[in-house]
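The values are calculated or read from the model by the stated rules, or taken from the named source; none is laboratory data. The structure displayed is predicted, hence computed values, not measured ones. Glycine also receives a Cβ, built like all others from the backbone with ideal geometry; neighbour counts cover every protein chain displayed. Ligands, DNA and RNA are stripped out before the accessible areas are found, and what is left, the full protein with its side chains, is counted by its heavy atoms. Shrake-Rupley method; radii C 1.70, N 1.55, O 1.52, S 1.80 Å.
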2 protein chains.
Amino acid sequence: MKKLIDRIEDIVDDACEGLMLAHPDLVRFNREPRFIARAAATRSGKVALVSGGGAGHEPLHGGYVGFGMLDAACPGEVFTSPVPDQMEAAARSVHAGSGVLFIVKNYTGDVMNFELAAELLAADGIEVRSLIVADDVAVRDSTWTAGRRGVGATVFVEKIAGAAAERGASLTEVERIATKVAANSRSMGVALTSCTVPAKGSPTFELGDGDIEMGVGIHGEPGRERMALRAASDIVEMLTTPVIEDLELKRGERAIVMTNGMGSTPLIELYIAHRKVAHMLRDSGITAERTLVGNYITSLDMQGCSVSLLRADAELLELWDAPVHTAGLRWGM
Amino acid sequence: MKKLIDRIEDIVDDACEGLMLAHPDLVRFNREPRFIARAAATRSGKVALVSGGGAGHEPLHGGYVGFGMLDAACPGEVFTSPVPDQMEAAARSVHAGSGVLFIVKNYTGDVMNFELAAELLAADGIEVRSLIVADDVAVRDSTWTAGRRGVGATVFVEKIAGAAAERGASLTEVERIATKVAANSRSMGVALTSCTVPAKGSPTFELGDGDIEMGVGIHGEPGRERMALRAASDIVEMLTTPVIEDLELKRGERAIVMTNGMGSTPLIELYIAHRKVAHMLRDSGITAERTLVGNYITSLDMQGCSVSLLRADAELLELWDAPVHTAGLRWGM
């Protein structure tokens, strides 16, 4: 295992500290219990957005803390759910009197721990709603998931619900927007290589030199099929077709598009992959209104990519375009 | 070789097309001769900035074409200089009556080909100046370089000279700013793994499972020393100390900092590396005024990182903060 790390047990703390040192104007790092929050206090009356999950998916979630997105993020150990103490402390720290929305990727541990934190906060009079993201069309009932896994749509939800909260929308309204985004997003991914969890020190799964895992999860969970490596266009077609079909995207509709790298995929390859995504959308009569190409939700050192689509209307596009300033996404400021 | 590509001979064209399809509002792609230019015509009277070099370093340079940075970029084949035809056509396409600045990384082929293009343009009455970037402190007279290699400082030069040009500075003034940035920047990199050039299909150099290449070049050129893998903090110290020393950065001075990934390094590791960079600057009494952590100048699928520092003053910071909108760097708009 070759990694740029110090002590294995410090990886997540060290990375959080590095994020904070790179962006002291944006975020602060609370070491115990561990969370990343905006450097500035939440504006009184603003709905607070809190997310979290296992580390290893950077920039998710700490890289999305800042103006126009999250108020706080709780990183667990690598690929391990954070504990309720973290969500509770983070929520208390950023709550500004108008409630908290938890944005939770659909993994059993995350869902359970965010639920426990919500109960603790509710008992103390802080209103919490939870939005579960479950957009991965590859499989149902995966290794750590009942139902569909939550993946790339999380980026869409955090950006767009974050914009609504920033404008002063109520908790009910922010929840409505987040629900709308999650309901209109789908994703699917592929692995060319496994990832290696540092504490384990060896690849999460075995993949032959000529093989790929089609439909892989962001922790290396099995996908739909192990198959032979083929041309990028063929691989991307196998990712994009189920996403378009499951979303029932029709000719004339509009989409926000993300061609996402799994962590170790060079950008030159992501642009080659995106070319095919764009061709397929054009050929299907779907307008790619906005596009992200890069590493937005990763799986440590996995090579591969995922394709996420969000059915967009004027409301979602306007919130997408609203100013955002985080380590991972920035525009308009 | 596992890569997300279609035909090897189409890699650069396919990636350029993908970039254009992702950002049709920002860039256009001229296939023959190959260059990326801003989607919008250069404003009359604006100095045009043109860069280029071998592909495989994305987002450099095509990802830095757009408002506030480059007017055009000429990608060669992977790790291969573009030809003078490309620079000439790109420069003609974006020249707006006030001259052209070529930004050239110090590799023999690039320097020669940009020089030939400048002569062709000058013969036609288009004034061209060239700025050579040569910031890599690791070694002198490397595989394809007389003197020092040009690496991360290129990002600083393109951003800051781009901001000056955007404001209407004259060619002489843009050249002065670019020269100042290049003179005040230094970098050094490390490889944990080799990269694989697609046309070759096997790693560029051999590196044992427990070894790293300290001072590596962005094409896998030999560095200062092959050594055993060690803690990230130790590795980063070996990168950052020579950069600070060569730049003669003193206590009380200010810097713009880039902790850059080589292409396949997960962001969690880059933040761990950056933590040490930030600690070293703090301990040296140097203020990190602005920071980038991510993949800004890459080497295909190489794992590793580089550290770049720019001695900053009020003039450079103000130009750094000016609005920029490219695929690779964006703020203020």
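Table for the structure above
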item	result
Among the residues listed as B:A91, B:A123, B:A182, the single one being without any contact (Cβ under 8 Å) to a residue 60 or more places away in the chain, over 20 Å from B:Y296 (Cβ atoms) and open to solvent by less than 30 Å² (accessible area, probe 1.4 Å)	B:A91
Any pair with Cβ under 6 angstrom, 6 or more apart, that starts in the range A:277-290 at a residue that is closer than 9 Å to A:T240 by Cβ and ends at one that is open to solvent by 20 Å² or more (accessible area, probe 1.4 Å)	A:L281/A:A288
Enumeration of residues in the range A:231-243 that are in contact (Cβ under 8 Å) with a residue 12 or more places away in the chain and facing chain B (nearest Cβ under 9 Å)	A:A232, A:S233, A:I235, A:V236
Tabulated pairs, the range A:106-120, first within 23 Å of A:G217 (Cα to Cα), second surrounded by fewer than 22 Cβ atoms within 10 Å (Cβ to Cβ) and hydroxyl-bearing (S, T, Y), C-beta under 6 angstrom, 6+ apart or interchain	A:F114/A:S130
Members of the range A:252-278 found to be open to solvent by 30 Å² or more (accessible area, probe 1.4 Å) and of a type outside the set (D, E, K, R), listed by number	A:G252, A:L267
Contacts under 8 angstrom Cβ, first residue in the range A:131-153 being over 18 Å from A:T179 (Cβ atoms) and acidic (D, E), partner part of a loop (DSSP other than H, G, I, E, B) and open to solvent by less than 50 Å² (accessible area, probe 1.4 Å), 6 or more apart	A:D141/A:G147
Some residue of the range A:136-159 being part of a strand (DSSP E or B) and buried (at least 16 other Cβ atoms within 10 Å of the Cβ)	yes
Residue selected from the range B:43-77 under the condition open to solvent by 30 Å² or more (accessible area, probe 1.4 Å) and within 24 Å of B:G97 (Cα to Cα), by the criterion nearest to the chain's Cα centre (by Cα)	B:F67
Residue match in the range A:244-251 (condition: in contact (Cβ under 8 Å) with a residue 24 or more places away in the chain, open to solvent by 10 Å² or more (accessible area, probe 1.4 Å) and within 14 Å of chain B (Cβ to nearest Cβ))	no
Number of positions in the range B:292-322 that are open to solvent by less than 20 Å² (accessible area, probe 1.4 Å) and within 9 Å of chain A (Cβ to nearest Cβ)	9
Hits in the range B:311-333 (condition: of a type in the set (D, E, K, R) and farther than 12 Å from B:A163 by Cβ)	B:R311, B:D313, B:R330
The one condition in (1) away from chain B (no Cβ under 14 Å); (2) in contact with a strand residue (DSSP E or B) (Cβ under 9 Å, 6 or more places away or on another chain); (3) closer than 19 Å to A:S81 by Cβ that A:A146 fails to fulfil	(2)
Verdict on B:A165 being hydrophobic (A, V, I, L, M, F, W, C), in contact with a Lys or Arg (Cβ under 9 Å, 6 or more places away or on another chain) and modelled with pLDDT under 95	no
Any hit, the range A:163-171, residues being of a type in the set (S, T, Y) and not in a loop (DSSP other than H, G, I, E, B)	no
Pick from the range B:205-222, criterion open to solvent by 20 Å² or more (accessible area, probe 1.4 Å) and touching a residue at least 12 places away in the same chain (Cβ under 8 Å), ranking: farthest from the other protein chains (Cβ to nearest Cβ)	B:P222
The lone exception for A:M188 - which of (1) of a type outside the set (D, E); (2) assigned to a helix (DSSP H, G or I); (3) buried (at least 22 other Cβ atoms within 10 Å of the Cβ) it fails	(2)
Subset tally (residues that are over 22 Å from the mean Cα position of the chain (by Cα) and among the β-branched types (V, I, T)) for the range B:279-317	2
